[in-house]
Amino acid sequence: MFRTVLSFAGFAVREAGDGYTALNLVEQEQPNAIVLDLGLPNVSGEVVLQELAATPVTRSIPVVIVTGLPGAHEYEQAACVLRKPITPDRLVHTVRACLLAASST
C-alpha cells in the first residue's frame, strides 16, 4: 500500500520486504527519505534504524518510522512517526513534512 500511495503522490519508490534488503538498497542508492516499518522480518526495523544512524553516509537521511508495535513509545515524540493504522493522506503528508524538515536543517 505504501508504494502505491507514494508513487501516485509523485515519489520514486524502491521497496524492500525485509531489513536486510532495505540496508542493501540504501547502501546501493542513498534515498532522499526512508519509510521504515519497525516490524520487518529477518533484520528488524529497529536494527535498520540503528545501522542508518551509525553510518555517516546515511545518518542524515530522514526516516519516517511506521509502527504498530506495542512498546514503541520512544518514537512517539519524533516528528516522523506514523502509528498504524495509517491513512494514505497521512502517509504522504508525513513524508513531505519530513523531507521539508530535513532540507531546512
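Each residue in the range 17-52 was checked for being part of a loop (DSSP other than H, G, I, E, B) and either of a type in the set (Ser, Thr, Tyr) or within 11 Å of the chain's Cα centre (by Cα) (or both), and 5 pass.
Just give me the residues in the range 63-105 being at pLDDT below 90 and polar (S, T, N, Q), in sequence order. Of everything in the range 63-105, those that are at pLDDT below 90 and polar (S, T, N, Q) turn out to be Thr67, Gln77, Ser103, Ser104, Thr105. Can we say Arg14 is assigned to a helix (DSSP H, G or I) and modelled with pLDDT of 90 or more? For Arg14, the condition - assigned to a helix (DSSP H, G or I) and modelled with pLDDT of 90 or more - is not met. For the range 81-105, the set of residues classified as assigned to a helix (DSSP H, G or I) and aliphatic (A, V, I, L, M) consists of Leu91, Val92, Val95, Ala97, Leu99, Leu100, Ala101, Ala102, listed by residue number. Restricted to the range 14-38, and to residues there that are touching a Ser or Thr at 6+ places or on another chain (Cβ under 8 Å) and surrounded by 15 or more Cβ atoms within 10 Å (Cβ to Cβ), the residue that is nearest to Val64 (Cα to Cα) is Asp37.
The values are calculated or read from the model by the stated rules, or taken from the named source; none is laboratory data. Given the structure is predicted, the values throughout are model-derived calculations rather than measurements. Because the Cβ atoms are built from the backbone with ideal geometry, glycine has one as well, and the counts that use them run over all protein chains shown.
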